[in-house]
Amino acid sequence: MSCDNFCGSYTFSIKVYGCQMNVCDGDRLRSAMNSLGWRESPDPADSDVAIFVTCSIRDKAEQKVISELGRFRPLWEKNRRPRIALLGCMAQRTGESIARKFPWVQVIAGPRHLGVVPEAIASSMTDDRVRFHLDSDPRELEDLECLPQTRGNRHKAYVTIAHGCDQFCSYCIVPYVRGRFRSRAPEGITDEIGRLIEDGVVEITLLGQNVNSYGLDFEGRLRGYRFARLLSDAAAIPGLKRLRFTTSHPIDFSDDILDVMSRRPNICPSINLPVQSGSDRVLREMNRKYTRGDYLGAVEKIRSALPGLGLTTDLIVGFPGETEEDFLDSVSLLERVRFDLVHSAAYSPREGTPAAARRDQVPAGERARRLAAINGLQSDISRQINKSLEGETCHVLLDEAAPRGEGLLQGRTETDKVVLVRAPNEMTGTIRPVLITGSSPWCLEGRLL
Ligand code: SAH
Ligand code: SF4
Ligand code: F3S
């Protein structure tokens, strides 16, 4: 692309919804737009292009974006700006109907086409033709080879290790919008980590919908190169202070991963292991491929290999056909495992997935009641766990100013708990010993030692 035509004088805003994969895509896109000479503006109404990186995981995530898009009508009718670039999972799922409804959406690209987006956005300034970049085959991939240099957080970065998902859990839209599972070659990943460390990054999180499956699709030269090996190679990169990964699938949390984690002190003892339900019947209908017993066995094995582990999970309540008894199985699983944190959600039917077609949907009011009950229970558990940490010393990566409170920095323990600490701004980006002095279900308070 010639820079004479599109560079230098335009502004963009960017808003990211959804999971860390979108945060990572948003950071790479920001960096690519900056290198074209575009400037970021905080205000979508005052930018030439407003970029939305969207999520389809639940209906609410999509409705938020639809109502945002509607608000641009008067500006478009008056000024013909901003143009909108709709990216991410929702663009892949509903892009064509959105283009018909909102003519100010001029670029529509699914998550596997991020590589063509900077040029599509730049060239869209010259005419009113809508540019579509959606999968015609879920294996297509036009990735954006760009280091996320302009990050939401200077000290932390995400690195995608695999695209897509082949698990097809019966409630989930991800395999339809993110396409087939494909691992990135290890050299590209370790090279990116090395360059991010040179750029000042202290903590890297490896990303995939199911990181344990990393490498299963490799053939030839890379056959047998699996997640444990990647973890070990990444942890050995000079200068990397902290390494994390998400998300793990309970079916495949192999001993070699635990072995690498216990040998490498810079791999944080923190795991998100989504359970989704505590009932065997529901797990089967969700197509999760493990039982409650398998899950509890995995937790036991992981906890005995990694004492002091921070363990979190994802849980859905009100899956179609979930009875009170099934729900109580989820309750008892939370009581038994005592997770540090539970990402809970009421089931949201996603059109095109097998669970959405079922006739035995749980009424919305009942789903909400179960969600509130789960959240109440977990907040008690998290409160007790966090209280028990008072008086302990933790190593905290102070990574940004706290959202509230003058002179307070926010950071994370190795186990991924949020800590608020009174500390000078110059300490951001450093790891410090902190004495825990207070707690709530959601965060800890501490004092620098
Ligand atoms: N790959 C990860 C999670 C991806 S989606 C895994 O296997 O667990 C993130 C979370 O959103 C899921 O763990 C699930 O708890 C939730 N989720 C996915 N589809 C949902 C739906 N239809 N309704 C409600 N929550 C959903
Ligand atoms: Fe969705 Fe299941 Fe894949 Fe996770 S593993 S992204 S829940 S289909
Ligand atoms: Fe949402 Fe897509 Fe992530 S649906 S949760 S942004 S993979």
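Each reported figure results from applying straightforward, stated rules to the coordinates on display, with no laboratory input. Computed from a prediction, not measured in an experiment: that's the story for all the values here. Note: ideal-geometry Cβ built from the backbone for every residue, glycine included; neighbour counts use all protein chains shown.
Would you list which lysines come within 19 Å of K78, measuring only between C-alpha atoms, while excluding same-chain residues fewer than 8 positions from it?
Partners within reach: K101.
Tell me what the chain gives for mean residue ellipticity at 222 nm when only DSSP H runs of n ≥ 4 count, each as -39,500 (n - 2.57), the sum divided by the residue total, rounded to 500 deg cm²/dmol.
-10500 deg cm²/dmol
Label points 7 Å out from Cα along the Cβ direction at L144 and D128: separation in nm?
Inter-label distance under the simple model: 2.7 nm.
Please list, by residue number, everything in segment 225-247 whose backbone N is under 13 Å from a paramagnetic label point 7 Å out along Cα→Cβ of D256.
225-233
With r defined as the distance between the Cβ atoms of R338 and K78 and R0 fixed at 60 Å, what FRET efficiency is calculated, to the nearest 0.05?
Efficiency, from the Cβ-Cβ distance: 0.60.
How big is the dipole moment of the chain about its Cα centre under a simple scheme where the beta carbon of each Lys and Arg is +1, that of each Asp and Glu is -1, and everything else is neutral? Debye, nearest 20, please.
Working: 60 positive and 60 negative charges, 99 e Å.
Its charge dipole is roughly 480 debye.
Size of the dipole of segment 281-350 about the Cα centre, Lys and Arg at +1 and Asp and Glu at -1 on the beta carbon, nothing else charged, in debye to 20?
320 debye
With each label point set 7 Å from Cα along the Cα-Cβ vector, what nm distance links A364 and D166?
Roughly 3.8 nm, to one decimal.
Out of the DSSP beta bridges found with both residues in the chain, what percent are antiparallel (nearest 5)?
Values: 23 of 67 bridges.
Percent antiparallel among DSSP bridges in the chain is about 35.
Given an 8 Å cut-off on Cα distances and at least 6 residues of separation, report the relative contact order of the chain as a percent. Intermediate values should be presented prior to the final figure.
Details: 917 pairs, mean separation 44.3, N = 449.
That works out to 10 percent.
Using +1 at the C-beta of Lys and Arg and -1 at the C-beta of Asp and Glu, which of T430, T413, S440 has the Cα lying farthest in the positive direction of the dipole of segment 393-448?
It is S440, whose Cα lies furthest towards the positive end.
Between G115, G164, G407, where does the largest GNM mean-square fluctuation fall for the chain, given springs only between Cα atoms within less than 10 Å?
For the chain, modelled as a Gaussian network with Cα springs under 10 Å, the answer is G407.
Quick one: net charge around T150, please, counting Lys, Arg +1 and Asp, Glu -1 for every other residue with C-beta under 10 Å from its C-beta. List each step's numbers first, then the result.
Details: positive: R28, R30, R151, R154; negative: D27, E40.
Result for the neighbourhood of T150: +2.
If I model a spin label as a point 7 Å beyond the Cα along the Cα-Cβ vector, how far apart are those points for L408 and R221 in nm?
In this crude spin-label approximation the distance works out to 5.1 nm.
Using a simple charge model, +1 on the beta-carbon of Lys and Arg, -1 on the beta-carbon of Asp and Glu, nothing else, what dipole does segment 360-422 show about its Cα centre, in debye to the nearest 20?
That gives a dipole near 240 debye.
In segment 156-387, what % of DSSP beta bridges are antiparallel (nearest 5)? Walk me through the numbers on the way to the answer.
Details: 2 of 23 bridges.
The antiparallel fraction comes to roughly 10 percent.
Return the subset of K60/K301; K301/K387; K289/K387; K64/K289 for which the Cα-Cα distance in this structure is over 30 Å, preserving the input order.
With Cα atoms farther than 30 Å apart: K60/K301; K289/K387; K64/K289.
Please work out how much length the chain gains when fully extended from R39 to Q20, using 0.36 nm per residue of separation minus the C-alpha to C-alpha distance, in nm with one decimal.
Full extension from R39 to Q20 adds 4.5 nm.
Only loop residues by DSSP count here, and only those with at most 13 other Cβ atoms within 10 Å; note down the trypsin sites (Lys or Arg not before Pro) in segment 202-242 that meet that.
Filter output for segment 202-242: R223.
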